[in-house]
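Beneath this line is the structure, given in C-alpha cells, with notes to follow.
The values are calculated or read from the model by the stated rules, or taken from the named source; none is laboratory data. Computed from a prediction, not measured in an experiment: that's the story for all the values here. Here Cβ is always computed from backbone atoms with ideal geometry, including for glycine, and neighbour counts include all displayed protein chains. These accessible areas exclude ligands, DNA and RNA; they are computed on the full protein's heavy atoms, side chains included. Shrake-Rupley method; radii C 1.70, N 1.55, O 1.52, S 1.80 Å.
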Amino acid sequence: MSEQAPRPRKPGRPYRRPQKDPVRFLAFEALRAVDERDAYANLVLPPLLRKAREKGDFDARDAALATELVYGTLRRQGTYDAIIAACVDRPLREVDPPVLDVLSLGVHQLLGTRIPTHAAVSASVELARVVLGDGRAKFVNAVLRKVAHDDLDTWIEKVAPPYEDDPEDHLALVHSHPRWVVSALWDSLGGGRAGIEDLLEADNERPEVTLVARPGRSTTEELLREEAAVPGRWSPYAVRLSEGGEPGAVTAVKEGRAGVQDEGSQLVALALANAPLDGSDGYWLDGCAGPGGKAALLAAVAAERGAVLLASEKQPHRAGLVAKALAGNPGPYQVIAADGTRPPWRPGTFDRVLMDVPCTGLGALRRRPEARWRRRPEDLEGFAPLQRDLLRTALESVRVGGVVGYATCSPHLAETRAVVDDVLKQFPRTELIDARPLLPDVPALGEGPDVQLWPHLHGTDAMYLALIRRTG
C-alpha cells in the first residue's frame, strides 16, 4: 500500500470541499505538537480544549472524545504502529509523520473505541482530506479499510510473537510498551507473568484526577462537596474526581488552597514529614522542589508544627511554579533557585530533607504515555550521576539524627535501590528507616525498608521512597 499523488478531477465531476471535524482536527493538532515539539499531551491538550470551548466549537462530550483520541492513540502507539506496518508496503519510517498521525487516530477509532467502523473510516478520511489533501486521503482510506477487516485481538495474534517464543516482545506488542521498559519493569517487580501484565495494563488505563487538600488552607470535607468527588484511598488529604470531574472548576484549586497531586506523591511527602526524629524539628528542605506539589504539602504540614520549609529548585522558571504553589501558605517558608548539587546552605542545616530527583519518569506512564516512546536505555546513564550527587547533598545537608527521603517517580532499579546502595557506601554513619509503617493501611509494600508503590496495586504512580537517618 503506498501513498498516492492527487489525480486530476474527471471533467464534469463536482468537487466537494472537505468538512473540518473540530474534534478530530484538534486531536490531530495535539498529536502533531507531541511529535514535532516533543511536547507532552497533558500540557498541550488543555489549552487547545479551552480555546475550542471559548469558540463554541466544543461541548463536554466533544472534549471527552478528543481527550480519548489523543491519549488512547499515544498509549497504544506501539501496537498500532505494528498493525499499520502490516498494511503498508514500505518501512513505517518512510511514511510521513502527519500521515502516520492520521492513520493512528483512525486505527484507534477502529480498534480501541466503540465508534462504528464506517464512521471511523469516513471521519479519518475526511480529516486526511483537510490536513493532507485528497491524494493522501486515498492512501489513508485504503490502509484503514484493510485494518478494519479484523478486530484488535485478531491483529495482535498476527503481529505479536507467541509468549512462549519471546515473552518480552509479546508483552511489549500486546501492551504497547518498548521492550526495554517491559524488561526493566519486570525486573523491578521480581518476576511472574501476572504481575507484569497487570502493571502494563494499568499503565494503559486513564488515571483518575486526585486532589490534595493543603492543611490549614482547605479540607477533604470541603473538596468532597464537589460533584464527582470521592475520598482518596490512602492519603488523609486526598480526594479523587471520578470520570468527568474538572479540577479547574474546583474553587479551592482555583484559589490555590488545594492542588492536583497524585496520591503516591502525597504519601512520599507525608512519610518524610512523619518519620521519627530525635531533637529539633524546625527546618525542612525540599531540594528538588519543582513544580511544587510536594513542597506545598510539606510547607502546610510544617506550618502546623511551627516548622519552616526551604524549597529549592535549580531552574528559575520552575522555582516560579513552586512559589506559586506555596503562595498563601499559613506559615513561613522560602523559595530559592539553587543547584542542589552545589547548595548555598551549610552542611547539617536541616532536620528533614526531601530529594525527589529527576528521573526517566517510568512511574508516570499513565499520565504521560508519550514518555515511554521518548525514553531510551541510555537515558539512565545520563540521570545516574545527578541522582547520586543529589542524594549525597541531601545526606550532607541533614543534621545528625535528621532524616532524608530519597524519592523518584520511577521503579527502575537503576534509579532506586542502586542509587541508595551506592551512596550509602560513602556514608557509613547512616541507617535505613523502615518506611512501611509511615504509609499506614497501604498494602503490598514488600519486604522494606524502602517502599515501591505501583499503579496496579495501589492506584498511584510508581513512586519510590527510601528514608535514611544520619547517625553520625
Self-check item: Antiparallel content of DSSP bridges confined to the chain, in %, to 5
Solution: 55 percent
Practice problem: Arrange the peptides 95-105, 52-62, 349-359 so that the one whose residues have, on average, the most other Cβ atoms within 10 Å appears first. | Solution: 349-359, 95-105, 52-62
Exercise. Label segment 332-435 by shape, choosing from rounded, prolate and oblate, from the square roots a ≥ b ≥ c of the eigenvalues of the Cα gyration tensor; if a/c is under 1.5 it is rounded, and otherwise prolate applies when a/b is larger than b/c, oblate when it is not.
Key: prolate
Quiz item: Quick one: if the Förster radius is 60 Å, what FRET efficiency do T349 and R93 give, using the C-beta to C-beta distance and rounding to 0.05?
Solution: 0.70
Quiz item: With a sphere of radius 15 Å drawn around the Cβ of A302, what net charge do the other residues whose Cβ falls strictly inside it have (Lys, Arg +1; Asp, Glu -1)?
Solution: +1
Practice problem: Can you tell me which of 263-273, 163-173, 66-76, 439-449 comes out highest on packing, and rank the rest after it, using the mean Cβ neighbours within 10 Å? | Solution: 263-273, 66-76, 163-173, 439-449
Quiz prompt | Anisotropy class of the chain from Cα gyration tensor, a/c 1.5 cut | solution = prolate
Self-check item: Long-range HN-HN contacts of I433 with modeled amide H, under 5 Å
Solution: L467, I468, R469
Exercise. Within the set of other residues whose C-beta is less than 11 Å from the C-beta of Y464, count the net charge using Lys and Arg as +1 and Asp and Glu as -1.
Key: -3
Exercise. Find how much the distance from D153 to S280 grows on full extension, using 0.36 nm per residue of separation minus their present alpha carbon separation; answer in nm with one decimal.
Key: 39.7 nm
Practice problem: Over the Cα atoms of segment 119-197, compute the convex hull volume and normalise it per residue, giving Å³. | Solution: 125 Å³
Quiz prompt | Dipole magnitude of the chain about its Cα centre (Cβ charges: Lys, Arg +1; Asp, Glu -1), debye to nearest 20 | solution = 1800 debye
Exercise. Taking H placed 1.01 Å from N in the peptide plane, check which residues at least 5 places from V209 or on another chain put their amide H under 5 Å from its amide H.
Key: L241
Quiz item: Under a point spin-label approximation (7 Å from Cα along Cα-to-Cβ), what is the R17-D421 distance to one decimal in nm?
Solution: 6.6 nm
Quiz item: Considering amide H positions built from the backbone, and no H for Pro or chain starts, which residues 5 or more places from L285, or on another chain, come under 5 Å of its amide H?
Solution: L310, R352, V353, L354
Practice problem: Please report the relative contact order for segment 244-367, taking Cα pairs under 8 Å with a sequence separation of at least 6, and give it as a percent rounded to a whole number. | Solution: 27 percent
Quiz item: For the charge dipole of the chain, defined by +1 on Lys and Arg C-beta atoms and -1 on Asp and Glu C-beta atoms about the Cα centroid, which residue among A52, C288, G446 has the Cα displaced farthest towards the positive pole?
Solution: A52
Self-check item: For the chain: relative contact order, % (alpha-carbon pairs under 8 angstrom, 6 or more apart)
Solution: 12 percent
Self-check item: Computed helical MRE - 222 nm, the chain, DSSP H runs ≥ 4 contributing -39500 (n - 2.57), nearest 500
Solution: -14000 deg cm²/dmol
Practice problem: Compute the distance in nm between two label points, each set 7 Å from the Cα along the Cα-to-Cβ direction, one at E304 and one at D59. | Solution: 4.3 nm
Exercise. May I ask you to evaluate 6.51 cos²θ - 1.76 cosθ + 1.60, the Karplus curve with θ = phi - 60°, for each residue of segment 348-356 and list the ³J(HN,Hα) values in order in whole Hz, giving x for glycine and proline?
Key: x, 6, 10, 8, 9, 9, 10, 10, 8
Self-check item: Debye, to nearest 20: dipole size of segment 160-217, +1 on Lys, Arg Cβ, -1 on Asp, Glu Cβ
Solution: 600 debye
Quiz prompt | Two-site FRET efficiency, T471 against N42, from Cβ-Cβ distance with R₀ of 45 Å, rounded to 0.05 | solution = 0.60
Quiz item: In Å, what is the Rg of the alpha-carbon atoms in segment 226-308, and how long is Dmax?
Solution: 14.2, 47
Exercise. Mind giving me the nanometre distance, one decimal, between the label points for R429 and D165, set 7 Å out from Cα along Cα→Cβ?
Key: 6.0 nm
Quiz item: What is the magnitude of the charge dipole of segment 37-133 about its Cα centre, with +1 placed on the Cβ of each Lys and Arg, -1 on the Cβ of each Asp and Glu, and no other charges, expressed in debye to the nearest 20?
Solution: 220 debye
Quiz item: Using the Cα gyration tensor of segment 206-247, with a ≥ b ≥ c the square roots of its eigenvalues, what is the shape: rounded (a/c below 1.5), prolate (a/b larger than b/c) or oblate (neither)?
Solution: prolate
Self-check item: Distance from segment 403-429 to segment 45-120 (C-alpha centre basis), Å
Solution: 40 Å
Self-check item: Per residue solvent-accessible surface (Å²) - segment 20-179, probe of 1.4 Å
Solution: 45 Å²
